[in-house]
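Heads up, the thing below is written out as structure tokens.
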Amino acid sequence: ARRSDGSGIVVIGLGRFGCHLAGALTRMDREVLAIDRDADQVQRFSTQLGRVVQADATEEGALRQLGVTGFGRAVVAIGASVEASVLTVLALVELGLPQIWARATSQKHAKILSSVGAHHVIFPEAETGDRVAHLIVSRLLDFI
Ligand code: ATP
């Protein structure tokens, strides 16, 4: 998958969720551009992920310089800072990214993300909790 055809994926925020997402996409042979503002995180993942760069993703100009507009999809994996997550989504909307996925940590956060233009809002903690609950119950049924 080459960036020029828009099939690449930008992953912003290499916390616990973002680093696993970027790693999984890389193993699926997708072109991944990973961005984090923290130099230590960038250093940590530079050998495992294709392209890892340090930048503040709330800066539209910085994203443009990194060539983000050549990517078809972006995932904003920032969780803790609602402000950084919302401003990053806004920058991606202004750059015209065709498909923006954003992680929400609450319903209100999700509402803001949708209203600024995120196309898909995800709740990794809630979704994993639900999935594990179903897994536990179905496994228990195996023994009844
Ligand atoms: P997780 O649960 O996935 O570990 P978290 O909610 O604990 O995430 P966050 O504070 O959301 O942690 O940060 C996730 C990553 O996003 C961090 O590595 C952080 O450096 C990065 N990050 C935060 N703000 C920005 C930004 N403006 N630009 C780029 N990266 C950012």
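Every number in this text was worked out from the coordinates using simple rules, so none of it is lab data. Keep in mind it's a predicted model, so treat the numbers as computed, not measured. Ideal geometry is used to build each Cβ from the backbone, glycine not excepted, and the neighbour counts take in all protein chains shown.
Beyond 14 Å, what share of the Cα-Cα pairs of the range 38-83 remains, rounded to the nearest whole percent? Present the calculation step by step, with values, prior to reporting the outcome.
Details: 636 of 1035 pairs.
The answer is 61 percent, as a whole percent.
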_At 1.567 mPa s and 4 °C, plugging the Kirkwood radius over alpha-carbon pairs of the chain into Stokes-Einstein gives what diffusion coefficient in µm²/s?_
82
*Would you please give the residues with an amide H less than 5 Å from that of VAL10, counting only those at least 5 places away or on a separate chain, with H modeled from the backbone geometry?*
LEU33, ARG73, ALA74, VAL75
*So what does log10 I(q)/I(0) come out to for the range 5-71 at q = 0.18, 0.24 Å⁻¹, using the Debye formula with one equal point on every Cα and no solvent?*
-0.59, -1.04
*asked:* Check which residues have an amide H placed less than 5 Å from ARG51's amide H, if you skip close sequence neighbours.
replied: VAL32, ALA34
*Distance between Cα centroids, the range 109-130 to the range 1-52: provide it in whole Å.*
20
*Across all directions of projection, what mean area in square nanometres is found for the Cα convex hull of the range 88-140?*
4.1
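How would SER106, SER114 line up from fewest to most surrounding beta-carbon atoms within 10 angstrom?
Working: SER106 11, SER114 15.
Placing the least packed residue first, the sequence is SER106, SER114.
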*With +1 on each Lys and Arg Cβ and -1 on each Asp and Glu Cβ, how big is the dipole of the range 18-132 about its Cα centre, in debye rounded to the nearest 20?*
240
_Within the chain, which whole H helices from DSSP have a Cα span along their axis of at least 15 Å and a mean Kyte-Doolittle hydropathy of 0.0 or more, if any?_
16-27, 82-95
*Read phi for every residue in the range 64-69 and hand back ³J(HN,Hα) as whole Hz from Karplus 6.51 cos²θ - 1.76 cosθ + 1.60, θ = phi - 60°, with x for Gly and Pro.*
4, 4, 7, x, 4, 5
